[in-house]
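*Asks:* Following this message is one structure expressed as structure tokens.
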Amino acid sequence: MNLLLKEIRHNPLLWLLAFVPVVFAAAKLRPEAHTLLFVLSVLAIVPLATLLSHATESVAAKTGDAAGGLLNATLGNLTELVIALTALRAGEYMLVKASIAGAIVTNTLFMLGASFLLGGLKHHVQEYNRVTARVQASLLFLATVALLVPSAIATADSVGKAAIVQDLSLGLSLLLIVAYALGMLFSLKTHKEFFASAEHADDDEAPWPMVLALATLAGVTVLVALVSEIFVESVQKAAETFGMSPAFVGFIVVALVGGAAEMASAFAGARKDRLDLSVGIALGSAAQIALFVAPVLVLLSYVIGPTPMGLQLWPGAVVMMLIATLTASLVTSNGRSAWFVGVLLLMVYLVFAMTLYLLPPS
Amino acid sequence: MNLLLKEIRHNPLLWLLAFVPVVFAAAKLRPEAHTLLFVLSVLAIVPLATLLSHATESVAAKTGDAAGGLLNATLGNLTELVIALTALRAGEYMLVKASIAGAIVTNTLFMLGASFLLGGLKHHVQEYNRVTARVQASLLFLATVALLVPSAIATADSVGKAAIVQDLSLGLSLLLIVAYALGMLFSLKTHKEFFASAEHADDDEAPWPMVLALATLAGVTVLVALVSEIFVESVQKAAETFGMSPAFVGFIVVALVGGAAEMASAFAGARKDRLDLSVGIALGSAAQIALFVAPVLVLLSYVIGPTPMGLQLWPGAVVMMLIATLTASLVTSNGRSAWFVGVLLLMVYLVFAMTLYLLPPS
Amino acid sequence: MNLLLKEIRHNPLLWLLAFVPVVFAAAKLRPEAHTLLFVLSVLAIVPLATLLSHATESVAAKTGDAAGGLLNATLGNLTELVIALTALRAGEYMLVKASIAGAIVTNTLFMLGASFLLGGLKHHVQEYNRVTARVQASLLFLATVALLVPSAIATADSVGKAAIVQDLSLGLSLLLIVAYALGMLFSLKTHKEFFASAEHADDDEAPWPMVLALATLAGVTVLVALVSEIFVESVQKAAETFGMSPAFVGFIVVALVGGAAEMASAFAGARKDRLDLSVGIALGSAAQIALFVAPVLVLLSYVIGPTPMGLQLWPGAVVMMLIATLTASLVTSNGRSAWFVGVLLLMVYLVFAMTLYLLPPS
């Protein structure tokens, strides 16, 4: 507990934890103040995500290489998963899908681009292990292809398509999970010598003891789930107030909120010239969302959603994912980076953000 | 003749030759048993394709480097050509096109992917000559672009498009054949030192004498043509019985049947750590179908088809070809492979196969 | 003045200057002879563009590295800019856009491809600095993405889209100019050691004195503007006479005319085994048109056009740009070239040219 307090004092992001009780109080007292609740829940989720990420890494560090890698690979995006599950239970499938696609695009373009830029402003040229980048980008490419197909079918006007899209989504979801599992087998087991030791944890800090880590993991997950409920309820109405389209909210705002903790680690790594870490977090997190979180949500929608959810997205989202994946592939193909590479990635992200912001709220 | 019998005894695939007389007998006795005829004709084509491929290589080996390369490059996909010609004469243009697109996708994803996987399960990391892969992938990319254009125009709804698409198909076909010829000039003549000696023939086996090879070439081509007729007639009805969509049959089943002989060689090469051979067969065969077989079929449709056939495909097929070509380009760009690369290619193939299987039989 | 005359005697292209007075005379005497005026104006623009390009380089050579690079980077496509401005003032937005997209595609495929082919016919294998190629190709990719988005939105049928497309075009134009400026900062300033000294000027020739260069720059720009007016007025009617579709004229003819001077330099560089020069001119010019000329035209359309012009293109043009950019990226990724690489690029260009030629004049 002492360690936890020390961590909180050490890391300014965690001071935002004060907003956790505030948001619960506000939700009780003024349930109709959507904009306020939206802002407060965002401020509360960011530090919780940071704690969650630290706890996961601590457990991973204790359980050894393979098991730890597996844990990080499945729980690394717990915040995104919990937010998406809350939206899934509420039947907000559009928000679920926008947040998935948005998280993939945001991690591939914004997190990677800002890491390259921040690192490049300090270091003239940076090198990193491109094998990791290649494997993650390949997995992302596979996931994009798998998401493209049901979307293309769903767009084509024809009767009786809904059932086919749903069957296909189920099959593809299983395929993606298998591909993700094999990818872990490859990078953690059979060919691990090719992969840099891109640990998520910052090794300057000692990991927490097991009990603290597990308790934090459990407790904070519950808190994230509770705050997410307020977030999901308020986000749509708040967006209207701010004049943002729902696509912009799901794609950009939710993705940035959910990924705040990982971004902090990725950026810190880049500044310390440990770009392996940054690339691993950015692309690894995107691949995890595409090949693990998204399919798991499809499977869970059969259990907890009002109706089964398919994998199909609206055409624009698929195009953005495709471009993001292709850009990441091209950019990481030679394992070197300078500030301008970051600028290019951020520019592509800005093109998308600008488009989504201006789109009509249809 | 003795050599031929020895070969048959040596190679279990060739035992299937017994099905050749059976399929002819069945076609005479029970011409309405489509499903049976379909199965029998598949079982008969596979060993015939193997013989054809061996005979071509023997002739090529005898006629010296350049002429042999040329022969291999034009007759290497004789089975696919004969099947497609039979379908062309019957006016089954949809089947012709599906089998062309399917052969390209199957060779690029399935044959290459399975080679990487099978090789990778035995050898930790495999290297191959990436110049060959680059040139073949570039030719495939060009062919995909050439197929994309008339398809895009044919899709756009407008009057008087049919004539334009036909003119364009004729022009593009000639262009593709010229590109293919120049590609051979480049790899067999002007810059041959950059290309690995990726002979199709397995050099453990002695080539057949010229007379035997030529006689086999002639005789087996006639047999393939006769069996293909039964195959083309029965395939559509049989597909209905099995609950397969026509797209699935043309794209997947025909492509696997037509390419069985080459797959056997490619997989054997990969197991023996001769990945140059496997990559050469898989991508070379795909390039040949795209830049030689397909345009030749368009040209021949003016002579033997009921009406001229264009190059346009349905949009989904073009997208699959584009993704397959792009995937092959990305994957072969560094000349190294491990089992997971094969898994990725096979997964993309599975996504396509699953989609085609579930598609409505519209 | 003596130098100018010597230059003219030295360079056969400049003998075409004789057509400059001829075209003005013809426009006065026979203003309705569109085909004649079209041919004459083309013959007059080519030598003017050559002079303009030489003058720009001379000024650049005198003003030192960074300022010179900046000048070359902004005035390098002055001919294209002046032609497009004339069309813009006349409200011929379709022609403006076709010539922009066409210049990008022509530079990336035809100029680069012909350089590789011409160089490869003389030299077995040629090497060049691939860092330059990578940065230019990345900038082109960003521009293509930025052009894709408003085009996709403009295609989707929906009310109230026009205003959004216009706002978006304005935002994206500013973004592209910023990206272009940062790209120059990167290649001319912070990381210039990675870029080959790909000067546009042929260093065999001495640069002109400053006064002559500036006077030529000013005088010839006025002449180009005057001839462009005749060109833009006559081009559409002349196209009908020749049986060419307007898309073909804008995309192919205008692009070849506007880029004639640069092509002469690029081809000469390739023959002298200075492929850095050729690649720098071809891709640099394409990037400049996409990230500087096009956005500047959008901004200027608010001032001098009848109505604001957006960035959206028709879908086919975006697909061609995307394929051209992708092809250039793939082809230049390893910094080596042989004649066949040139053939491939030219073939893709031929596919596009053939399609545009056959398209109905809708």
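The values are calculated or read from the model by the stated rules, or taken from the named source; none is laboratory data. These numbers come from a predicted model, not from an experiment. FYI the Cβ positions are ideal-geometry reconstructions off the backbone, even for glycines, and counts take in every protein chain you see. Keep in mind that these areas ignore ligands, DNA and RNA; they rest on the heavy atoms of the full protein, side chains included. Shrake-Rupley method; radii C 1.70, N 1.55, O 1.52, S 1.80 Å.
*Asks:* Can you tell which of B:Leu140, B:Leu75 is within 14 Å of chain C (Cβ to nearest Cβ) and under 30 Å from B:Gly310 (Cβ atoms)?
*Replies:* Only one candidate qualifies: B:Leu140.
*Asks:* Also, quick follow-up: Being β-branched (Val, Ile, Thr) and modelled with pLDDT under 90 is the filter; apply it to region C:121-133 and report the residue that is farthest from C:Ser278 (Cα to Cα).
*Replies:* C:Val131
A quick yes/no check of all residues on (1) outside any helix (DSSP H, G or I); (2) closer than 30 Å to B:Tyr302 by Cβ:
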{"site": "B:Glu32", "(1), (2)": "yes, no"}
{"site": "B:Leu36", "(1), (2)": "no, no"}
{"site": "B:Ser53", "(1), (2)": "no, yes"}
{"site": "B:Thr74", "(1), (2)": "no, yes"}
{"site": "B:Leu88", "(1), (2)": "no, yes"}
{"site": "B:Phe110", "(1), (2)": "no, no"}
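*Asks:* If you don't mind, another one. Can you tell me which of (1) over 21 Å from B:Gly102 (Cβ atoms); (2) out of contact with any Ser or Thr (no Cβ under 9 Å at 6 or more places or on another chain); (3) away from chain A (no Cβ under 14 Å); (4) not hydrophobic (A, V, I, L, M, F, W, C) is the one B:Pro246 doesn't meet?
*Replies:* (1)
*Asks:* With respect to B:Ala268, determine if the residue is outside any loop (DSSP other than H, G, I, E, B), more than 10 Å from chain A (Cβ to nearest Cβ) and closer than 24 Å to B:Glu92 by Cα.
*Replies:* In short, no.
*Asks:* Against the conditions (1) modelled with pLDDT of 85 or more; (2) over 18 Å from the mean Cα position of the chain (by Cα); (3) surrounded by fewer than 23 Cβ atoms within 10 Å (Cβ to Cβ), where does B:Leu275 fall short? Just the number, please.
*Replies:* Looking at each condition in turn, B:Leu275 falls short on (3).
*Asks:* All but one of (1) within 20 Å of B:Ala225 (Cβ to Cβ); (2) in contact (Cβ under 8 Å) with a residue 24 or more places away in the chain; (3) buried (at least 18 other Cβ atoms within 10 Å of the Cβ) hold for B:Val39; state the number of the condition that does not hold.
*Replies:* It fails just one condition, (3).
*Asks:* Still on this structure, please answer the following. Does A:Gly91 fit the bill of being at positive phi and either within 14 Å of chain B (Cβ to nearest Cβ) or touching a residue at least 60 places away in the same chain (Cβ under 8 Å) (or both)?
*Replies:* In short, yes.
*Asks:* While we're looking at this one, here's another question. Given the criterion among the hydrophobic types (A, V, I, L, M, F, W, C), open to solvent by 20 Å² or more (accessible area, probe 1.4 Å) and modelled with pLDDT of 90 or more, identify the matching residue among B:Leu109, B:Leu81, B:Leu142, B:Leu118.
*Replies:* Unique residue meeting the criteria: B:Leu118.
*Asks:* Kindly provide the set of residues from region A:90-106 that are small (Gly, Ala, Ser) and either buried (at least 24 other Cβ atoms within 10 Å of the Cβ) or in contact with a helix residue (DSSP H, G or I) (Cβ under 8 Å, 6 or more places away or on another chain) (or both), ordered by number.
*Replies:* Result: A:Ala90, A:Ala98, A:Ser99, A:Ala101, A:Gly102, A:Ala103.
*Asks:* Test A:Ala270 against the criterion of being closer than 26 Å to A:Ile164 by Cβ, crowded, with 24+ Cβ neighbours inside 10 Å and in contact with a Gly (Cβ under 9 Å, 6 or more places away or on another chain), and give yes or no.
*Replies:* no
*Asks:* Kindly indicate whether any position in region C:159-181 is more than 22 Å from the chain's Cα centre (by Cα) and not in a helix (DSSP H, G or I).
*Replies:* Yes, some residue in region C:159-181 is more than 22 Å from the chain's Cα centre (by Cα) and not in a helix (DSSP H, G or I).
*Asks:* Considering only residues that are among the charged types (D, E, K, R) and modelled with pLDDT under 85, which ones fall in region B:204-229?
*Replies:* B:Asp204, B:Glu205
*Asks:* Test B:Ala84 against the criterion of being in contact (Cβ under 8 Å) with a residue 24 or more places away in the chain and farther than 22 Å from B:Pro308 by Cβ, and give yes or no.
*Replies:* So B:Ala84 fails the test.
*Asks:* Here are some conditions: (1) farther than 20 Å from C:Ala268 by Cα; (2) part of a helix (DSSP H, G or I); (3) not β-branched (Val, Ile, Thr). C:Trp15 meets all but one. Which one does it not meet?
*Replies:* Single failed check for C:Trp15: (1).
*Asks:* Evaluate the following for B:Leu4: is it surrounded by fewer than 24 Cβ atoms within 10 Å (Cβ to Cβ) and at negative phi?
*Replies:* Yes, satisfied.
*Asks:* Is it fair to say C:Ala25 is surrounded by fewer than 15 Cβ atoms within 10 Å (Cβ to Cβ) and without any contact (Cβ under 8 Å) to a residue 12 or more places away in the chain?
*Replies:* yes
*Asks:* In the list C:Ala87, C:Ala61, which residue meets the criterion of being modelled with pLDDT of 85 or more and either crowded, with 24+ Cβ neighbours inside 10 Å or not β-branched (Val, Ile, Thr) (or both)?
*Replies:* Going through C:Ala87, C:Ala61 in turn, the sole match is C:Ala87.
*Asks:* Tell me, which residue of region B:146-168 that is closer than 19 Å to B:Gly102 by Cβ and at pLDDT 85 or above is farthest from the other protein chains (Cβ to nearest Cβ)?
*Replies:* Going through the qualifying residues, I end up with B:Leu147.
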